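Asks: My questions will all concern the structure given below.
The values are calculated or read from the model by the stated rules, or taken from the named source; none is laboratory data. Model, not experiment: these values are computed from the prediction. Positions of Cβ are generated from backbone atoms using ideal geometry, with glycine treated the same way; all protein chains shown enter the neighbour counts. Accessible surface areas use protein heavy atoms only, side chains included; no ligands, DNA or RNA. Shrake-Rupley method; radii C 1.70, N 1.55, O 1.52, S 1.80 Å.
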Amino acid sequence: MASMSGTNDAADQNFDYMFKLLIIGNSSVGKTSFLFRYADDKFTQAFVSTVGIDFKVKTIFRQDKRVKLQIWDTAGQERYRTITTAYYRGAMGFLLMYDVTNEESFNAVQDWITQVETHALANKSIILVGNKNDLNLERRVLRRDGERLAAELGIEFFETSAKENHNVKLVFERLVDIICDKMNESLDSDPVIMSQKGTHLSNDTASGPANSNCQC
Amino acid sequence: MVLSYYHFPKENPELRNEKVKERYKEEELCELWEDLLDDSLDFPSREHFISKWFGLRKFVILSPQTHACAIDTEGRAKILLSSISFALSQLNCPLPVLVQLDKARRRLFSGVAYPLSAVKTEFETVHLRRIPVRYQCAEGVIDLLKEGLASKCECYLSVRFTYSFSDWPQIMCDPLPEEDESDDGDDDDELSWRTIPWGACEEVISELHLAVQWPSLSQDLFVDTPSYSDLDPFNAPSWTARLRYEDDPQCLLATHLSQFQKLLSDSVRSILSATENSPDSNVTSVLDKLTEHSVPSIGTVVTKAATRLQVHAVNSPLTERMLKKLLAYIFPDVANSSEDTSEFQEENDFERRLKSAPPGGLLWRLAIALLNVNNSYGGSMAVNHLWHEIVLELRYRWDEGKVLPVEKEKEPDSATCLLQQKLQMLNCCIEHRLRRQHVVEEYNSPGEEEDDDEFFECAEESNDQQREANMIKAEGRLRKLAYQLHKVPGEYLYVPITQEPAPLTDDALEEQARVLASLGTDQTSLRARMQSACLLSDMQAFKAANPGCVLEDFVRWYSPRDLTESGCLSTRMQVEGNLWQETWNEAKPLPVRRQKRLFDDTKEAEKVLHWAASLNPSSLAREIAAVLLNICLVTACTNLSKNSLIDKLTTKIANLSRNTDWQITQFEEICRLFLSAEIYSARKKSIRTKLKHVQKDVSDDDIEKFANDLLDNQEVKINGAAKSHLGELIVRIFSAGSDDEERDDKVTTKLPPPIAKEYVARCEASKPSPNSKVVPHRIYALITGEECRIASVCSQDTAFF
């Protein structure tokens, strides 16, 4: 899961894990702005509408590990579905974003989830994000509707504003934590990785010689 | 030297031996006494042998680490034991410490403990080939125990006799699968290479053991001397049965898989060495052999594709006839036979977890054929030959425009393995080209009426005379939208026919992502430009379908949210010189028919064919391993009911199939699991057959349960011992081998002589003098035809002697 190999782009090759994340959601819900706010701490209203797929890199320090994030930004237009869904399989985490001022983008969330379920790996993590919550006057989707939907889907939910830098960092860090936890879980449950430490007491040793019972 | 501490906790720690507690004062009772007097520790089925010999639950063993430092002289043993003795008494440590003496395999132990103050306990073992007849019975064992005791006492004895049955008559054995040993490879037994082999090649159950037991008999209640014994096994209160198995039985699938594993770790070397061994080879022909299939020259390809089934490779272990059969099996549409692939049609839940290929599909058949060809028809040379033919067949399909019998009209599915994706890709190419040629043909055939396909709406080339002042005839319309054009009121907006983006296999996608990522994070606009081919194509098609349109119209269809309510472009679309505007300005009105192809089917097909041709047997085996293991898993499931082994296999195979860099060791581990599954299923089958043969009064359900108990447990207690149905069943098995078999209706009340007799005798007496404390003593004796072993625990009072 965690790739130890870096790509050529980053000057910083010094990291413990590399996670690939994907930002998806309807067109113009603010995916590119959100990513720019996180990676470059900039905001402008005039990002060119993404064509195909783009990415940014950020290295953070989480749970005592240097985690390099390769965050892929996708075009939201219907026409780009086939191109972007091809990238789902390689991603460990998804930020599914809608625009709180646009009901259609909220109604499409279920659709996006279906896309993820079809194309992504079984152990991926998803976070639901309601963006543009600074535009309170134009709000069409209530926070509790977002919360309810997230609960139904069994995923976590945040309202954010890329413009006012609200919750942006938090969302990414939360997603990284969820992925880390999942990874640790799967390590723990794998008996091969759990080395048999300590003294060889009790039942461990019992089975060996007992096989040659009776004649001893 | 290694010091190991063992502790086997009681199942019910609360349940202390009440009798023992009554007899000893609190300060004279210790854990050791409780254990020594606990008859539930007589003949345990799974504890450590030290536990069984000395009746201990807690002990420490000091054993030499290597052969060289074995304690092989009496002098060294004495020094060691007295040092331990000193240490334990100084520390007031009640734990018994046992030292392993002599060679490890003799399992001789001597030990000491200080369970109470002023009490010393000694542990001794004796191991002999033979002991005098008088000690080979209960009486003799009791005499040994009482030696040196100062007071008279009553002895209690537990006895266990073990009987073995191993001469299974033919009729009680499963017919064994025959190994297909076709020497000329020309085998008519087609089933042998069309199925996944399963099962053991030999009998897997060696012996049935019956142990009869008498717990804690008072010595006065019975007689067991060399000349007479009234210990009749049929009256014993406890019977237990257990199975003994053959070590490392040969199993079919496991053998095939290990051969396949050799193929995996095989490299070019093996082909080289194989050819080198043939007498008339020289270096150039060796290299020819290697290069021939990987880079086919046009000449060979053309001729071979034409005679693709007649080709006969020199030195190939596969005969022409066999090869034809194999190809007809893998490509059933060639032979035009209604091939029955229903074999694997069952749905199972593996599909979602494994990155494999559709059940029963081409790759399944190929995997099965490769497994068997590799195992029985000539190893990697034969695999190489078969694959060579398959690549020729693929090329022939492409050249002739015949789709492959893999899932049709499906783009490479990233939920399947790479090989499957490549085949799907080839099919996409074939179909794409067919469609393309079809379109061109129709378009070029004159006089034909325009059919309802809107694609051909503009049959004639745009003609200057037909043009109105600023109106061009629209081309390539798909459907009408309910919007009117921005600048041309009254004209509706049409969705154009568009080109689909090229399908991608996993490796191509990875490469694409790598290229995009390698540009670095700042090259956003360059990346967008690189991906703008599709946008340009769509814009061109849109312009062709909607003469007089502007970017606003395009955005209305393509990205409606970038159009404000008043019909203006959004801010981001208005940014000066953005890619959308640029591309829009660049785009000429062109219907897809006249556009540059986004999907170059010829190039992609050649790529697939080249990739396939460059696979050597080892890399081919690697590409198909996940599919093969998937099929094996399905086979295992049909032979074994769902159990933990299957779950483990599924996880391991899923991991392998999802990891492109999987290691041979992963494959090896899976093979071992398959072997365990195969052995387990063979044992189950075997014991069922044996039990069914002597079934009689026992119901099928009971047989099933008994068989499962025997397989899953070390020992199975027979409730009701000899008098029960199961008890009778066991006796019938024992008499099945003898000549009395005819008298089947009369249950023979006879068992063969026991192969082992075990005794545990215990008593409580004072030692060394009558005034000493009364303490427990215990002795264990095992007498078999080959050896005698005696283990004694003797305590003595060190204060009053």
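Asks: Search the structure for amide H atoms under 5 Å from the amide H of B:Val775, placed 1.01 Å from N in the peptide plane, and list their residues when 5 or more places away or on another chain.
Replies: Answer set, sorted by chain and number: B:Ala765, B:Ser766, B:Lys767.
Asks: Further question on the same structure: Can you compute the FRET efficiency between B:Lys262 and B:Val403 using 1/(1 + (r/R0)^6), with r the Cβ-Cβ distance and R0 = 56 Å? Round to the nearest 0.05.
Replies: Rounded to the nearest 0.05, the efficiency is 0.95.
Asks: Per residue of B:509-520, what is the mean number of Cβ atoms on other protein chains within 10 angstrom of that residue's Cβ?
Replies: Across the residues of B:509-520, the mean count of other-chain Cβ atoms within 10 Å is 4.
Asks: At A:Asp40 and B:Ala68, where each label point lies 7 Å from the Cα along Cα→Cβ, what is the point-to-point distance in nanometres?
Replies: Taking the two extended label points, one gets 6.9 nm.
Asks: At R0 = 22 Å, how high is the FRET efficiency between B:Met1 and B:Cys93 if r is their beta carbon distance? Nearest 0.05 is fine.
Replies: 0.80
Asks: In sequence order, what are the phi-derived ³J(HN,Hα) couplings for the stretch B:489-498 according to the Karplus relation 6.51 cos²θ - 1.76 cosθ + 1.60 with θ = phi - 60°, rounded to whole Hz, with x for glycine and proline?
Replies: Ordered by residue, 3J(HN,Hα) equals x, x, 8, 8, 8, 10, 7, x, 6, 10 Hz.
Asks: Give me the one-decimal nm value for the distance between modelled label points at B:Glu441 and B:Glu510, 7 Å along each residue's Cα-to-Cβ direction.
Replies: Simple spin-label model gives 3.9 nm for this pair.
Asks: With +1 assigned to the C-beta of every Lys and Arg and -1 to the C-beta of every Asp and Glu, and no other charges, what is the dipole magnitude of the stretch B:574-628 about the Cα centre in debye, to the nearest 20?
Replies: Roughly 240 debye, rounded to the nearest 20.
Asks: Length gain on complete extension for the stretch B:His610 to B:Asp333, per 0.36 nm per residue less the alpha carbon to alpha carbon distance?
Replies: Result for the pair: 97.4 nm of gain on full extension.
Asks: Using the Karplus curve 6.51 cos²θ - 1.76 cosθ + 1.60 with θ = phi - 60°, what ³J(HN,Hα) values do you get for each residue of the stretch B:418-433, in whole Hz, with x for Gly and Pro?
Replies: Each residue of the stretch B:418-433 in turn: 4, 4, 4, 4, 5, 5, 4, 4, 4, 4, 4, 4, 4, 5, 4, 5 Hz.
Asks: Mind giving me the FRET efficiency for B:Ser724 and B:Ser644? R0 is 22 Å, r the Cβ-Cβ distance, nearest 0.05 is fine.
Replies: Taking R0 as 22 Å, the efficiency between B:Ser724 and B:Ser644 is 0.10.
Asks: Now for a separate question. In nm, what is the difference between 0.36 nm times the number of residues separating B:Lys480 and B:Lys692 and their Cα-Cα distance?
Replies: Additional length available on full extension: 68.9 nm.
Asks: Given the C-alpha centroids of the stretch B:489-505 and the stretch A:44-82, what is the distance between them in whole angstrom?
Replies: 27
Asks: Under unit Cβ charges (Lys, Arg +1; Asp, Glu -1), what dipole magnitude, rounded to 20 debye, does the stretch A:17-187 have relative to its Cα centre?
Replies: Result for the stretch A:17-187 is approximately 520 debye, rounded to the nearest 20.
Asks: What relative contact order, as a whole-number percentage, does the stretch B:477-590 give when Cα pairs under 8 Å and 6 or more residues apart are counted?
Replies: Over the stretch B:477-590, the number comes to 28 percent.
Asks: Sticking with this one: Determine the gain in length on full extension of the stretch B:Thr798-B:Phe86; use 0.36 nm per residue of separation and subtract their C-alpha separation, reporting nm with one decimal.
Replies: 255.0 nm
Asks: For the stretch B:477-590, what is the convex hull volume of the alpha-carbon atoms per residue, in Å³?
Replies: Value for the stretch B:477-590: 121 Å³ per residue.
Asks: Explain nothing, just compute: Karplus ³J(HN,Hα) = 6.51 cos²θ - 1.76 cosθ + 1.60, θ = phi - 60°, for every residue of the stretch B:514-529 in order, whole Hz, x for Gly and Pro.
Replies: Ordered by residue, 3J(HN,Hα) equals 5, 4, 4, 6, 5, 6, x, 6, 7, 8, 4, 6, 5, 4, 4, 4 Hz.
Asks: Then there is this: Sort B:526-532, A:74-80 by packing, meaning the average of other beta carbons within 10 Å per residue, with the highest value first.
Replies: Result, highest mean Cβ count within 10 Å first: A:74-80, B:526-532.
Asks: With a point put 7 Å past each Cα toward its Cβ, work out how far A:Thr82 is from B:Ile664 in nm, to one decimal.
Replies: 4.2
Asks: Largest first, what is the accessible-area ranking of B:Asp522, B:Asp102, A:Asp40, B:Asp797 with a 1.4 Å probe?
Replies: B:Asp522, A:Asp40, B:Asp102, B:Asp797
Asks: Largest first, what is the accessible-area ranking of A:Glu138, B:Glu787 with a 1.4 Å probe?
Replies: Output order, biggest surface exposure first: A:Glu138, B:Glu787.
Asks: Now for a separate question. Name the long-range amide H neighbours of B:Val119: under 5 Å, sequence gap of 5 or more, or other chain; modelled H, no Pro or chain starts.
Replies: B:Thr798
Asks: For B:Cys201, enumerate residues with amide H under 5 Å from its amide H, sequence gap 5+ or separate chain, H modeled in the peptide plane.
Replies: Those lying under 5 Å, H to H, from B:Cys201 are B:Gln250, B:Cys251, B:Leu252.
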